[in-house]
Each structure stands twice: as C-alpha cells, then as structure tokens.
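The values are calculated or read from the model by the stated rules, or taken from the named source; none is laboratory data. A quick note: this is a predicted structure, and the numbers were derived from the prediction, not measured. Neighbour counts run over all protein chains shown; Cβ positions are idealised from the backbone, glycine included. With ligands, DNA and RNA removed, areas are computed over all heavy atoms of the protein, side chains included. Shrake-Rupley method; radii C 1.70, N 1.55, O 1.52, S 1.80 Å.
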Amino acid sequence: MALAGAVRCWRLGAGPSSLQMQALSLHMSKTAMGASQKDFESAMNQVKLLKKDPGNEVKLKLYALYKQTTEGPCNTPRPGVFDLINKAKWDAWNALGNLPKETARQNYVDLVSDLSSSDSSSQVKPEADRKQPGYETLVVTSEDSITKIMMNRPAKKNALTIQMYREIMLALEAASKDDSTIIVLTGNGDYYSSGNDLMNFMNIPPGEMEKEAKNGAILLRDFVGCFIDFPKPLVAVINGPAIGISVTILGLFDLVYASDRATFHTPFTHLGQSPEGCSSYTFPKIMGQAKAAEMLMFGKKLTAREACAQGLVTEVFPDSTFQKEVWTRLKAYSKLPRNTLHISKQSIRNLEKEKLHAVNAEENSVLQERWLSDECINAVMSFLSRKAKL
Ligand code: COA
C-alpha cells in the first residue's frame, strides 16, 4: 500500500507542536529541485528498509511530504478532536500549505536520504569502537539504549579491587545520566565475580588496620548506596559463578539472568566476615528466613536453578545460548517507553530506600569490626598462602 510506503509502522500519541512544524519548514529550505518520480519511488522503498525507527516527528514529515507529492495541498476536512492520530497527520500535511508537488517530492527524497545515511552510521560497531574511555578494570559500552558495565579482570575471576569498586560507582553515576534505558552489570571470562579481592586486606602498614577498616567500610557503604539509589532498571547478567558481594547486592537489582553454569556463594562465616549488600534484609524477604540463613550464615552454595527457585534469580538459560537469549530479551525491553520504565522502577523501590540505607550502614559497621577480628585475618591469610602450599 502506498501509504505504508510513506510511513512505516505508524503509531502516534499526540499531534505535532509548533516546534515540530518549524522543523518541518526548516527542512524544506534545504530543497534543491530535481528529484524524479523514480527517485521518489526508490525513496519510498528505502523507508521500508530503515532499521532504526525514525520517531513520530519524522514519520509525520514523511507522511505530509508524501501526501503533498501525490495529492497536492491538503483539502480534506480536519478530523475530529478525539481522532488524535489522523488529526496530527492532517495538521502536518496542512502545514505544507501550497508547497509545489515537485518541491515536496524533492524534500521527501532528501529526508529519506538523510535518514538512510544516519541509519547506516548507527549500525552495530565493534565493541572496541563503542568502549567508553577512562576505565581500567571495566569495559563500559552503550548500544540499543543499554549501557553495559562489564567487570574486566578475568584472570582474577573479576575479584573486586578498590579501583574496581570506584570505577563501578563512576560508571553507574554516568549511566544514571546518559540516555540509556537499561543498565547491565556482567563479567568477562568464566566468572561473574569472585567477590571482594582478598588482596585488599594486604599491604596495610602496621598500626593502620583500624583506619583502613574504616575506609573500607565507607567505600563499601557508598558502593552499595549507589545500587540502592540507582534510578533506572538494573540487570545482572550472571555469566558464571558469583561469590560474596557480587551475590549479596543482587537483591538490589531489578532482573537477574543467569547461565546454568552460574553458582551463588556467600562464604562469609568461613572468612570470619558478615553479610553486606543489604542481603541481611533483602535475602530473607526474597527467599524466606530459613533459606537465607542457609546461604548467609552457613555458606551454602546455590546452583543457578536453586537460586531461581528461591527467587534470587529471575530466569536461568542454558550456557550455550545464554548471551544470545539474554541480549535478545534485553534489546526488546530497551524499546519500552523509557520514562515510564524509570518511573515504575522508582515507585517499586522508593518505599524501601530509607530502610535499605539504614541496613547498609548497620551491615558496614558490623563488617568494620569483623575485618579486625582474628577469625577474619586468619581466613584471609589462609587463602593468600594457599598457592604457596600447592
Ligand atoms: N581475591 C583475590 N584473588 C582472587 C580472588 C579473590 N576474591 N578470586 C580469585 N583470585 C585470584 C586467585 O588468587 C588467582 O590468582 P593467581 O593466578 O595470581 O594465583 C586467580 O584469581 C585465579 O583464581 P584461582 O584460585 O587460581 O582459580 P580457581 O578456579 O582454582 O578458584 C575461586 C576460583 C574463585 C573459587 C578461588 O579463587 C577463590 O576461592 N577465591 C576467593 C573467593 C572469596 O572468598 N571471595 C570473597 C568472598 S567474601
């Protein structure tokens, strides 16, 4: 159908503003006469091939120019006040006044040509080209309205160094302000993350333990605080085993997708430490007191399917198709109305925020004490000396 050629996938919520009309007439000043009927037909075909939805404003321009080219000035009655879509289309066409058919045809061809070139320049670029600069321990990329924050220390199982905590906070801060709809945290390599880098406990000068424990607790409080306050949908894409803090913060995510190779382990007691990431509050809420105790107190490691059955994980995918299935799903979700999605997230989360910050503060003050305990120091020393014993 010719109309479908002019405006593909027509959906419109409101009529064009005067600004939109100004943009329309601005575009017209660019006109250079000479597009043939053949150019016009080929432009109509090109519109159907556009990969990126050009948006309602541009679709209105295309529609108006198409009608002006094929039928001349608008001479039909204005649709009724409740017929919003047809009224917007009529207004766009009518705004072209007595624009000659040839000029409208040229403008249509020019507009499609602009759209086609920006469409092809927005095609998927290699990840290296999309990588945001400034991060040493992460790879941060944005595509399809999704900002992906990938922990990038695969040789160390993505153990979280102090620098990595800081870079994740910076990446979240930037992502909260960029134009992305969804934010993803994932890991590079075979692990999602092995949790806190136990080397963070090393190289502390004698007499500085208390001060460093305090600094560590502040860093951890701020890190978890970023997740509590994060305003957009947060998705964890758990590509492999997850340990410690990388598990405990999952209660602050909106979706958790896991490969069936992933496991979930919080061996705090074994390390002389105590739960963080608000898990002392979120885990009992998510999975019930008894299951939460088994994980957080007794260090039971869950498979992905067990974690899903207990409500910690949204869905589990076979490892062989994990990336493909998850990213297809996320790309579809990222096309949902952005502001509505963010507002929904905030209404789901805001009621709990104050409580979560209080839990975060309490957990970190307990941890600060634990880090100074013999049980913790001995457990960390035992991990760090284990290679020497092999
Ligand atoms: N802190 C510091 N280093 C870590 C680490 C962590 N959390 N996780 C992994 N690494 C390091 C290992 O020391 C090793 O370093 P090396 O190559 O210089 O020797 C490297 O990453 C690879 O880990 P490795 O232990 O050789 O691999 P593995 O497959 O045998 O075991 C783990 C992987 C994650 C099970 C094991 O490293 C481990 O138990 N890590 C500690 C996890 C932990 O207790 N986290 C804190 C929770 S609160």
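The table that follows gives values for the structure above.
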read-out: Principal-axis tilt of helix 84-94 within the chain, Cα atoms, nearest 10 degrees; value: 50
read-out: In sequence order, calculated HN-Hα J values of region 251-266 (Karplus, 6.51, -1.76, 1.60; Hz; x Gly/Pro); value: x, 9, 8, 8, 9, 10, 9, 10, 6, 6, 8, 6, 10, 10, 9, 10
read-out: Separation between Cα centres of region 48-90 and region 265-289, rounded to whole Å; value: 57
read-out: Residues with amide H under 5 Å from that of Thr161, placed H, sequence gap 5 or more; value: Asp197
read-out: Placed amide H near Thr181: partners under 5 Å, 5+ positions off or other chain; value: Ile146, Thr147
read-out: Among Thr321, Thr147, Thr76, residue whose mean-square fluctuation peaks in a GNM of the chain (springs only between Cα atoms under 10 Å); value: Thr76
read-out: Cross-link pairs Lys301/Lys324; Lys59/Lys324; Lys101/Lys335; Lys52/Lys324; Lys51/Lys156; Lys324/Lys345 - those with Cα-Cα distance over 28 Å; value: Lys59/Lys324; Lys101/Lys335; Lys51/Lys156
read-out: For region 233-246, Karplus couplings with θ = phi - 60° (6.51, -1.76, 1.60), whole Hz, Gly/Pro x; value: x, 10, 10, 9, 9, 8, 7, x, x, 10, 10, x, 4, 5
read-out: Sulfur and carbon atoms: percent of accessible area, region 179-295 [1.4 Å]; value: 54
read-out: Accessible solvent surface per residue of region 62-177, calculated while the other protein chains remain in place, 1.4 angstrom probe, Å²; value: 49
read-out: Antiparallel DSSP beta bridges within region 135-254, as percent of all bridges there, nearest 5; value: 35
read-out: Over the chain, relative contact order from alpha-carbon pairs under 8 Å, at least 6 apart, %; value: 13
read-out: Rounded, prolate or oblate (a/c below 1.5 giving rounded, otherwise prolate when a/b exceeds b/c) for region 320-390 by Cα gyration tensor; value: oblate
read-out: Hz values of 3J(HN,Hα) by residue in region 39-45 - Karplus curve (6.51, -1.76, 1.60), Gly and Pro given as x; value: 4, 5, 5, 5, 5, 4, 5
read-out: Gyration tensor (alpha-carbon) shape descriptor, region 252-363, a/c threshold 1.5; value: oblate
read-out: Region 238-319, accessible area per residue, ligands and nucleic acids excluded (1.4 Å, Å²); value: 35
read-out: Surface accessible to a 1.4 Å probe, per residue, for the residues of region 187-237, Å²; value: 43
read-out: Cα gyration tensor shape for the chain, rounded if a/c is under 1.5, else prolate or oblate; value: prolate
read-out: For the chain, share of DSSP beta bridges that run antiparallel, in % to the nearest 5; value: 30
read-out: Proximal charge balance of Ala262 [Cβ under 12 Å; K/R count +1, D/E count -1]; value: -2
read-out: Residue among Asp260, Asp374, Asp319 with the largest mean-square fluctuation in a Gaussian network model of the chain, springs linking Cα atoms under 10 Å; value: Asp374
read-out: Cut-off 15 Å, label 7 Å out along Cα→Cβ of Ser116, residues of region 50-65 by amide N; value: 50-52
read-out: Charge context of Asn203, other residues only, Cβ under 14 angstrom, K/R +1, D/E -1; value: -2
